[in-house]
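Asks: First the structure, then my questions, so here it is.
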Amino acid sequence: MEQQPEASVDAAASQDLEPNDSASALDLAWMSPSHRSVPAQALLRIKQICELMPDLFSTALAVQITHLSISRDILATAIKQFRSDAEALTREDLAGLLTAAVNGGRHGFDAVLRSRKGSDRKGGSASLWAKHNE
């Protein structure tokens, strides 16, 4: 089996990463910090992220980084809807975990999670982002 020179392999790999035309390029404008999300569209993306991520830490990090223009309280409410491992946490606790995930990485997240689990605090008021089962 003949090996290709390293330069040609790198060139081929970089061609795979570049879009062939603007029509095939991914639309990532929704991830821009200045983008204002429509709640229904953001909830759909957050739901997909929640389903794809293996744990609450990965979910918290991915949701927050991809939805920079949405407040942590709203993101926490959305995550609670789609993650069963977030059910025991209040919205405020989950918002704290979002902050801990970004500022403290895995260690900060785990420390806040340990301090919040089993607390007797109640959730806050409902928002447009919350799903109501009535």
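Asks: Rounded if a/c is under 1.5, else prolate if a/b beats b/c, else oblate: with a ≥ b ≥ c from the C-alpha gyration tensor eigenvalues square-rooted, which is the stretch 38-119?
Replies: Prolate is the answer for the stretch 38-119, as a/c is 1.5 or above and a/b outweighs b/c.
Asks: Can you tell me the order of 102-108, 57-63 when each peptide is scored by its average per-residue count of other Cβ atoms within 10 angstrom, highest first?
Replies: Output ranking for 102-108, 57-63: 57-63, 102-108.
Asks: Let me ask something else about it. Report the extension gain between Asp85 and Ala111 in nm, rounded to one decimal, defined as 0.36 nm multiplied by the number of residues separating them, less their alpha carbon distance.
Replies: Roughly 7.7 nm would be gained on extension.
Laboratory data are not the source of any read-out in this text; all were calculated from the coordinates shown. Fair warning: this is a prediction, and the values are worked out from it, not measured in the lab. Backbone-built Cβ (ideal geometry, glycine too); neighbour counts: all protein chains shown.
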